Structures are given as C-alpha cells and as structure tokens.
1. Please go through the range 155-179 and pick out each residue that is buried (at least 22 other Cβ atoms within 10 Å of the Cβ) and not in a helix (DSSP H, G or I).
2. Return the residue satisfying two criteria in turn: it lies in the range 1-19 and is surrounded by 15 or more Cβ atoms within 10 Å (Cβ to Cβ) and of a type in the set (Gly, Ala, Ser), and of such residues it is nearest to ASP101 (Cα to Cα).
3. Quick one: is ASP78 within 14 Å of the chain's Cα centre (by Cα) and either within 26 Å of VAL45 (Cβ to Cβ) or surrounded by 14 or more Cβ atoms within 10 Å (Cβ to Cβ) (or both)?
4. Which residues, taken from the range 20-53, are of a type in the set (D, E, K, R) and either over 21 Å from ASP100 (Cβ atoms) or at pLDDT below 95 (or both)?
5. When residues of the range 86-100 are filtered for being β-branched (Val, Ile, Thr) and more than 16 Å from ARG133 (Cα to Cα), how many remain?
6. All but one of (1) at pLDDT 95 or above; (2) farther than 25 Å from PRO4 by Cα hold for GLY89; state the number of the condition that does not hold.
7. Of everything in the range 11-42 that's part of a helix (DSSP H, G or I) and of a type in the set (A, V, I, L, M), which residue is farthest from ASP65 (Cα to Cα)?
8. Pull out all pairs, ordered by first then second residue, where Cβ-Cβ is under 9 Å, the residues are six or more apart or on different chains, the first lies in the range 99-125 and is surrounded by 15 or more Cβ atoms within 10 Å (Cβ to Cβ), and the second is among the acidic types (Asp, Glu).
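The values are calculated or read from the model by the stated rules, or taken from the named source; none is laboratory data. Predicted model only: the values in this text are computed from it and were never measured. Every residue, glycine among them, receives a Cβ derived from its backbone with ideal geometry; neighbour counts consider all protein chains shown.
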Amino acid sequence: MSKPVIISPSYKRASGLKTHKLIPSVVYCVGESEKEDYEEQGVNVITCPDKVNGNIARARNWILDNHANKQLLIIDDDIAKIGRHEPDGETYKVNWLTPDDVSDLIQQGFDLCKGFGARLWGLNPASDKGGYREYTPFGCNSYVSGSFSGFIDPVLRYDENLPLKEDYDMTIQQCNAYRRVLRLNMFHMVKNDHGNKGGCANYRTLEREMEQYELLLAKWGSKIVRRDNGSKSDGKKKASYDINPIINVPIGGV
C-alpha cells in the first residue's frame with residue numbers, strides 16, 4: 001500500500017498554522033488567492049479554486065476528488081499536540097508524541113484500519129481522561145472527527161449541506177456502507193477549536209449550529225441522532241447544553 005498523503009484544508013489562517021510543526025509532511029490546501037500568504041510561512045502548499053473555500057465539507061470533498069490516494073489523511077491546520085493516556089501508578093498520565101511518534105502512529109492507524117475492515121479511522125476527540133475508557137481502546141461505531149480523518153480508498157463524500165456537522169454525517173455514512181469505522185480511543189489531539197480565526201469560525205454561529213443539527217436529524221432520524229440533554233447525578237437530572245449531537249449507530253460492538 002502506498003505511503004499516506006497528508007493534506008490540511010486551510011482558510012484565512014496563514015498566521016495561525018500549527019500542524020506542520022508536529023507533522024512536517026503535511027501539505028496545506030489553500031485558495032489560489034491566499035497562496036503567497038501561506039508560502040511566506042515556509043510551509044508546503046497546494047491550491048484549490050477560491051470558490052471551494054467557505055464550506056469545509058466542500059473543501060474536503062475537493063481534496064478527496066483531486067488528491068485521491070489509497071491512504072489519505074485529512075487533518076486540521078491547528079493541531080498542536082497528540083497524546084496518549086497511559087497508566088502511572090494508580091492514576092494516568094499523558095505521554096506526548098514526538099513528530100517521529102506521530103508519523104509511526106499515522107502508518108499504524110492505516111494498517112489497523114485495513115485490518116479492521118474499515119475505510120475511515122481517527123482519534124479520540126476528547127482530550128481529558130474522562131473521555132477515555134481504558135478497557136475500550138478501540139471504537140468501531142464511534143464518531144470520527146473531521147479534524148483527523150484517515151481514509152482508505154475513499155469513495156464516500158461529505159454532505160455539503162452540513163458544513164458544521166459534516167463529520168458526524170460521514171461517520172454515519174461509513175458505518176452504513178461498511179458497517180464500521182475505527183477510532184483509536186487511547187490517542188487524542190489538542191487543538192484550538194474556538195480560539196482561532198478563519199476556517200469554520202467564519203460561518204459558525206449558534207443559530208447555524210442548531211439549523212445544522214436539525215438537518216442531520218432529518219437525514220438520519222431520532223434513533224441515530226439526538227441532542228445531549230444532560231446526565232443524571234444523585235438521581236437528579238443535570239441540565240446541560242452541547243451544540244454537538246450524540247450519534248447512536250444501530251450496529252453492535254463498541
């Protein structure tokens with residue numbers, strides 16, 4: 001199998017790039033009018049038509065259509081660190097990966113994905129230890145974030161009507177078509193989802209998030225997509241609000 005190709009779609013963030021410091025082989029995919037701004041940062045760049053940007057699902061589809069590879073990793077441009085939760089006596093510590101470690105992880109992820117019979121793999125989106133269950137190192141029907149998405153022989157495409165929920169939709173699509181994805185729950189990434197300018201931040205608002213949730217719900221139904229309505233503690237319901245949905249793929253396993 002060919003060596004993984006790693007591409008990061010980026011939009012109006014030339015001064016906020018981080019991923020290349022951790023993954024030197026990454027290539028940023030930017031609009032033609034922004035090429036010089038990015039090249040001034042000393043990073044590897046490929047260009048797409050400016051009209052592609054402004055919708056992350058459309059940008060990722062352009063990469064899938066124009067840079068198809070048997071092993072294609074599409075990642076965000078602001079990944080600062082990748083860590084692994086490991087036992088440390090009676091507690092856990094985070095082991096931060098070096099660039100060489102990350103390179104090995106990427107190849108291992110593709111090898112495992114192929115072995116599992118999946119076509120999409122990723123990492124745990126939760127960086128705190130509370131989001132990691134040590135007895136469930138792998139997830140085969142769990143949400144795979146678009147921030148770190150490894151595709152093998154990609155056939156499916158993102159729904160461009162869902163640019164704020166496109167990765168939830170892709171996870172469900174993959175499970176529907178291939179009956180599984182692969183998520184390496186022991187690894188997580190650290191990035192600046194809400195503090196960085198440009199990218200999806202240019203069009204993300206609470207109103208649009210809710211509209212996108214309703215579209216995702218209408219597409220897949222309430223048995224698969226639902227809102228996080230809080231959790232119970234001491235028998236009482238604690239109110240909470242999360243713009244991200246909970247997906248429940250009706251396929252057995254973890």
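1. TYR158, LEU164, LYS165
2. SER8
3. Yes: the conditions hold for ASP78.
4. Within the range 20-53, the first condition is being of a type in the set (D, E, K, R), and the residues that meet it are 21, 32, 34-37, 39-40, 50-51.
Of everything in the range 20-53, those that are of a type in the set (D, E, K, R) and either over 21 Å from ASP100 (Cβ atoms) or at pLDDT below 95 (or both) turn out to be GLU32, GLU34, LYS35, GLU36, ASP37, GLU39, GLU40, ASP50, LYS51.
5. The qualifying residues number 1.
6. (1)
7. LEU22
8. Final answer for the pair search is ARG119/ASP153; GLY122/ASP167.
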